[in-house]
Every structure is written in C-alpha cells, then in structure tokens.
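Notes follow the structure.
The values are calculated or read from the model by the stated rules, or taken from the named source; none is laboratory data. On a predicted model such as this, the values are computed, not experimentally measured, just so you know. As a convention, Cβ positions derive from the backbone with ideal geometry for all residues, glycine included, and neighbour counts pool all protein chains shown.
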C-alpha cells in the first residue's frame, strides 16, 4: 500500500511546520524518515493518519485519505505516541476493545501480544509499564489489524539492545512481505542498518528522497578481515554480494548487511575478526546535509558545569 503526500503543508498560527512536501513511500522497503528536531517529522506523520488536518495539500494511503477507509486499522497501523492508552487498562483489554471496532478476532489479539513479547503481562495494568514495554504495547496496537502499512515515530525509544535488534528484524521482515514501512528515528546508526530508503526533511521542507546507499554515497561497503577472504568472497557472491578481495584475509563487501556477512561466515566456518563500514556514515551525511536546517544548536564551549 503506497503512502502519498502531495503538496502537504501545515501551519500553526504564523509558524509553518511543514511546507509543500511531496513524496511517495512504496511497499517492499523500510523507509527511514529523518530530520533534525523541529523539522516537522511528527506533524507530517500525524497528517498521514488524519490526526492533523493539512493546511494545504493531500495525504493518502492506498489511494485514499486514511480516515476515509472503511476499516483503517487493516490499511495502516501507527505508533506516534507512547501514552496512547488508559493507564488502568491491560494490553489485552485495550486491544480487545479496538478489535471489536474492526471485527478482529480475540485470537489475533493474543497473536500480536505474543509477537511483541507481552503475553506474560497481557492482563497487567499498563500504567506501570516501562517505556520499552509501552513501545511494545504500541507496536501490538499498530499490528492488530494485520495492516499493509506501518507508520512508526521513534519506535526504538526505551528498547534495550536485544529489543532494538528484535524490532529491526521484525520491520525488515514486514517489508520483505511486500508491506510499506515508514520509520522515524534519531538513532542514525540503527537506521543505517534498518532502512532501504530515506526521506530527509529540514524546517518542514524536503531535503532528500533516495536510497540509503545513494544517500551515504558508500553503497554499504564493509571492509572485512577474516580467516579466509577467498572462501568468504565466493560464499557472499553466491548470496548476491559484490566482493573485492584485497588480501588473503581482507575484502570489501557491498550489497550484504553486516548481519548477513556474519551469518554467511558462520555457515562457512570462517572466523571474522573485524567488519568496518567504509566511506561516510549516515550520521556524517545527515549532519552535513541538514546543518542549515537545525532549529536549535548548543554551544561546544564549557558552561561552568
């Protein structure tokens, strides 16, 4: 299901939060939605799902405004606020109430609680949940209708390293099923591993709409030091990777993720000593591209702290 923004603008009084945004988010990819604080990311995502009305322009999901769909939760699931629930309710009660509005079975409620790892606390009051647990709860809500589209604002907040890896695998799996995934996050190192494409905005205006490889200008090249570069190169090429062997123990690899390199090496019983990204990092590219669009800046000078 395609997400489409056409000339999207939003003004709050005399302040313009979003200005003439036009972009398309297509299925089959994880699209990272990036920008400095105050860039207009959250406002844009709220307009996509009908929580804010555009001052100008139009936002559609699967060809129509989100709120006009007969069963919107089956079209798109969103996580935009970690305090979306009544604190006295349990996840199971909350999800069952939502399920009734769309004819969703109780079995699906239990399925999504299992997917996000909340089965053991399904009957606990959500008011006592940690931020990480609230994020998982929000993801369960977004997944409830088995939607073709996910729109997630800072979903990694509060998750521990295991939770971050779990969510990355989940979202890449959802995109791999041909669904549309749009994710906003300030964790740029994580986004460089997660996203296939990036949308970058600053001061409410579009700065970049491209693939992650094109954006960073490095094609996700990793320099790998291992026990047998020749054998690893052969195995990675068979998996669709592009490899350039530099020595008996060193090669450059593109077209394969860091995790993919590690998995293939383990299959071939090859010991990997080091995997280093080459070229500009996502953070370096992002900072360079958005430096004129940062709304708030701190000073590098000491303040007597």
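Which condition does residue 267 not pass, out of (1) modelled with pLDDT under 85; (2) surrounded by fewer than 14 Cβ atoms within 10 Å (Cβ to Cβ); (3) out of contact with any strand residue (DSSP E or B) (no Cβ under 9 Å at 6 or more places or on another chain), if it passes all the others?
Result: residue 267 fails condition (1) only.
Looking at the structure I just gave you, is residue 50 touching a strand residue (DSSP E or B) at 6+ places or on another chain (Cβ under 9 Å) and in a strand (DSSP E or B)? Full working, then the answer.
Numbers: touching a strand residue (DSSP E or B) at 6+ places or on another chain (Cβ under 9 Å): yes; in a strand (DSSP E or B): no.
Taking the combined requirement at face value, the residue does not satisfy it.
Just wondering, is there one or more residues in the stretch 105-115 that are at pLDDT 95 or above and either closer than 23 Å to residue 193 by Cα or outside the structural domain of residue 192 (by TED's automatic domain parsing) (or both)?
The first filter runs over the stretch 105-115 and keeps only residues at pLDDT 95 or above, leaving 105-115.
Keeping just the survivors that are either closer than 23 Å to residue 193 by Cα or outside the structural domain of residue 192 (by TED's automatic domain parsing) (or both) gives 115.
Yes: one or more hits.
Checking residue 59 against (1) modelled with pLDDT under 95; (2) crowded, with 21+ Cβ neighbours inside 10 Å: exactly one of these is not met. Which one?
Only one criterion in (1) modelled with pLDDT under 95; (2) crowded, with 21+ Cβ neighbours inside 10 Å is unmet by residue 59, namely (1).
Residue by residue, here is whether (1) part of a loop (DSSP other than H, G, I, E, B); (2) modelled with pLDDT of 95 or more; (3) surrounded by 21 or more Cβ atoms within 10 Å (Cβ to Cβ); (4) on the phi > 0 side of the Ramachandran plot holds:
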residue	(1), (2), (3), (4)
11	no, yes, no, no
27	yes, yes, no, no
31	no, yes, yes, no
38	yes, no, no, yes
45	no, yes, yes, no
74	no, yes, no, no
82	yes, no, no, no
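Check the stretch 131-142 and report whether any residue there is surrounded by 19 or more Cβ atoms within 10 Å (Cβ to Cβ), touching a strand residue (DSSP E or B) at 6+ places or on another chain (Cβ under 8 Å) and closer than 26 Å to residue 13 by Cβ.
Looking only at the stretch 131-142, we keep the residues that are surrounded by 19 or more Cβ atoms within 10 Å (Cβ to Cβ), and these are 133-142.
Within this subset, residues satisfying the condition of being touching a strand residue (DSSP E or B) at 6+ places or on another chain (Cβ under 8 Å) are 135, 138-139, 141-142.
Pick out the ones that are also closer than 26 Å to residue 13 by Cβ and you get none.
No, the conditions are met nowhere in the stretch 131-142.
Could you say which residue among 123, 225, 210 is in a strand (DSSP E or B), modelled with pLDDT of 95 or more and surrounded by fewer than 18 Cβ atoms within 10 Å (Cβ to Cβ)? Step through it out loud before you land on a result.
Values: 123 fails: in a strand (DSSP E or B); 210 fails: modelled with pLDDT of 95 or more.
Step by step, each of 123, 225, 210 is checked, and only 225 is in a strand (DSSP E or B), modelled with pLDDT of 95 or more and surrounded by fewer than 18 Cβ atoms within 10 Å (Cβ to Cβ).
Restricting to the stretch 177-193, what's the tally of residues that are over 11 Å from the mean Cα position of the chain (by Cα) and either over 21 Å from residue 282 (Cβ atoms) or assigned to a loop (DSSP other than H, G, I, E, B) (or both)? I'd like the intermediate steps shown before the answer.
Step one: filter the stretch 177-193 for residues over 11 Å from the mean Cα position of the chain (by Cα), giving 177-179, 189.
Filter again for either over 21 Å from residue 282 (Cβ atoms) or assigned to a loop (DSSP other than H, G, I, E, B) (or both), leaving 177-179.
Qualifying residue count, the stretch 177-193: 3.
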